[in-house]
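Here the structure comes first, spelled out in structure tokens, and everything after it is commentary.
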Amino acid sequence: MLNKSDINRMRDAYWCIVSGSDLWLVEGALPRSKDLDFELPLDDAIEIGRYENLPVMWINDADIVAELTLSSLRDCLHFPQALFLLVSKAVQYGHMSQTLRFCPQCGGRNRLNHNQLAMQCGDCRTLHYPRIFPCIIVAVRKEEQILLAQHPRHRNGMYTVIAGFLEVGETLEQCVAREVKEETGINVNNIRYFGSQPWAFPSSMMMGFLADYDSGELKPDYSELTDARWFNIDNMPPVAPEGTIARALISETIETIKSL
Ligand SMILES: [Zn+2]
């Protein structure tokens, strides 16, 4: 148990206790200091931001003795955006500390540098910052229809927009055009930026675009997709959940179609 001086040192805060893309929630909410009725190595906790005037603390589940039942970061999608972003940040730092344990430069042992929020090699002292993987995501419109695809990894039959990782030497716009072409056989034009969302599954940066159909016949790549179709907005399948940039892109395209 925490002793009194620990509790005084800790004050009130939000706690992100993370492992992989999972974290500890109390009745679906991010725990506050009062919820921590177990021993906590306070010196390992790091403030990663503030939410509603309270510090938001990150600590790895592996550093905690108590056995906690963790929930998926996906269960936090309905949090206010500012809080979801902080929780995502904790998950990504957790991922960094778990996957960058050894120095890519010399193979030495890395430790967390609390000031830099990066891993640092104990031998060559090189700092290794969290890796972020750029990924485009795009909603394609053809007159009054939207292009949606179904992925084998989505077991609930959900459809969503096209997404894919940026390759080296490629602009974001080229990546958008290539991913749509590869996955569906469609050529797009009028590619424009929409917005972005850090996506800590485990460490992507989703960069959202809108695009229009240009030419080509729909030919889904069945090695990547289970289906891809043009949908009318009055006959939509189950789509990506609220809180995702995929859903925001779909909603934006629906609004565009309604205004035609
Ligand atoms: Zn090193």
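Things worth noting here:
- Placing unit charges on the Cβ atoms only, positive for Lys and Arg and negative for Asp and Glu, gives region 4-93 a dipole magnitude near 360 debye about its Cα centre.
- Taken over region 199-260, the percentage of Cα pairs per 5 Å bin, counting from 0 up to the bin with the maximum distance, is 3, 12, 18, 24, 26, 11, 5, 0.
- Taking the Cα centre of the chain as origin and assigning +1 to Lys and Arg Cβ atoms and -1 to Asp and Glu Cβ atoms, the resulting dipole is close to 500 debye.
- Each of Glu67 and Phe201 was given a label point 7 Å from its Cα along the Cα-to-Cβ line. The distance between the two points is 2.9 nm.
- Choice from Ser72, Ser33, Ser21 with maximal GNM fluctuation in the chain (Cα, 10 Å cutoff): Ser33
- Treating each Cα of the chain as one equal point scatterer and applying the Debye formula with no solvent, the log10 of I(q)/I(0) at q = 0.13 Å⁻¹ comes out as -0.91.
- Highest average packing first - 104-114, 201-211, 169-179, Cβ atoms within 10 Å: 201-211, 169-179, 104-114
- Fully extending the segment from Tyr193 to Gln81 would add 38.3 nm, taking 0.36 nm per residue of separation and subtracting the current Cα-Cα distance.
- Zone residues, region 78-104, relative to Arg111, backbone N less than 19 Å from point 7 Å out along Cα-to-Cβ: 94, 96-104
- Highest-first arrangement of 40-51, 225-236, where packing means the average Cβ count within 10 Å: 40-51, 225-236
- With all protein chains kept in place, the per residue accessible area of region 100-164 amounts to 55 square angstrom at a probe of 1.4 angstrom.
- Rounded to whole Hz, the Karplus (6.51, -1.76, 1.60) HN-Hα couplings of region 227-233, x for glycine and proline: 6, 8, 8, 8, 10, 7, 6
- Distance between the 7 Å Cα→Cβ label points at Asp37 and Thr126: 4.8 nm.
- Set of lysines near Lys219 by C-alpha distance (under 17 Å), chain-local residues within fewer than 8 positions excluded: Lys142, Lys181
- Global form of region 133-259, assessed from the alpha-carbon gyration tensor, a/c cut-off 1.5: rounded
- Overall form of region 27-100 per C-alpha gyration tensor (a/c, 1.5; a/b vs b/c): rounded
- Relative contact order (%) - the chain, alpha-carbon pairs under 8 angstrom, separation at least six: 16
- Cα-projected label distance for Asp212 with Glu170, points at 7 Å along beta-carbon direction, nm: 2.4
- Full extension of the chain segment joining Asn235 with Arg11 gains 75.5 nm, where the gain is 0.36 nm per residue of separation less the Cα-Cα distance.
- GNM flexibility winner over the chain from Leu73, Leu218, Leu23 (Cα, springs under 10 Å): Leu218
- Fluctuation leader among Ser19, Ser71, Ser223 - the chain, Gaussian network, Cα springs under 10 angstrom: Ser223
The values are calculated or read from the model by the stated rules, or taken from the named source; none is laboratory data. None of these values were measured; they are calculated from a predicted model. Note that we place each Cβ from the backbone using ideal geometry, even for glycine, and neighbour counts take in every protein chain shown. Note: accessible area is taken over every heavy atom of the protein model, side chains too, but ligands, DNA and RNA are not part of it. Shrake-Rupley method; radii C 1.70, N 1.55, O 1.52, S 1.80 Å.
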